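A short worksheet on the structure shown next.
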Amino acid sequence: MKLLLTGVSGLLGINFAQEMMGGHEIIGVDRGKLIKAPFRVLKQDLLNPRAVDAVLDAAQPEAVVNCAALATSTPARTTPTLPNA
């Protein structure tokens with residue numbers, strides 16, 4: 001199965017990707033933090049709604065697993081609508 005995995009540079013995302021690589025095609029989404037990965041990585045900021053469409057069009061996944069999160073709560077406090085994006 002082709003899986004699109006957001007937040008692939010985070011602790012949960014990278015570990016999930018490594019576990020799933022044996023039986024699935026992994027395509028990760030990262031904002032540019034991940035330097036090297038044993039799977040395809042698309043560089044996009046998913047806070048941009050157009051980026052979401054671009055990633056889905058490029059990857060054509062069978063399933064999406066969202067492991068993306070804000071590492072700190074500061075951006076969410078300073079931009080109240082951010083957690084709803």
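The values are calculated or read from the model by the stated rules, or taken from the named source; none is laboratory data. Treat the numbers as computed from the prediction; the structure is a model and nothing was measured. Please note: Cβ atoms are built from the backbone with ideal geometry, for glycine as well, and neighbour counts cover all protein chains shown.
For the range 1-14, which positions are more than 19 Å from Asp45 (Cβ to Cβ) and modelled with pLDDT of 95 or more? Steps first, answer last, please.
First, the residues of the range 1-14 that are more than 19 Å from Asp45 (Cβ to Cβ): 1-3, 11.
Of everything in the range 1-14, those that are more than 19 Å from Asp45 (Cβ to Cβ) and modelled with pLDDT of 95 or more turn out to be Met1, Lys2, Leu3.
For residues that are in contact with a strand residue (DSSP E or B) (Cβ under 8 Å, 6 or more places away or on another chain), within 19 Å of Leu11 (Cβ to Cβ) and loosely packed, with under 14 Cβ neighbours inside 10 Å, scanning just the range 22-79, find the one that is modelled with the highest pLDDT. Checked the range 22-79; the qualifying residue modelled with the highest pLDDT is Asn66. Does the range 3-19 include one or more residues that are loosely packed, with under 11 Cβ neighbours inside 10 Å, hydrophobic (A, V, I, L, M, F, W, C) and more than 16 Å from Val64 (Cα to Cα)? Scanning the range 3-19, I find no residue that is loosely packed, with under 11 Cβ neighbours inside 10 Å, hydrophobic (A, V, I, L, M, F, W, C) and more than 16 Å from Val64 (Cα to Cα), so the answer is no. Of the numbered criteria (1) in contact with an Asp or Glu (Cβ under 7 Å, 6 or more places away or on another chain); (2) within 19 Å of Ala63 (Cα to Cα); (3) of a type outside the set (Val, Ile, Thr), the one Asn15 fails is (1). The set of residues in the range 26-44 being among the charged types (D, E, K, R) and not in a loop (DSSP other than H, G, I, E, B) consists of Asp30, Arg40, Lys43.
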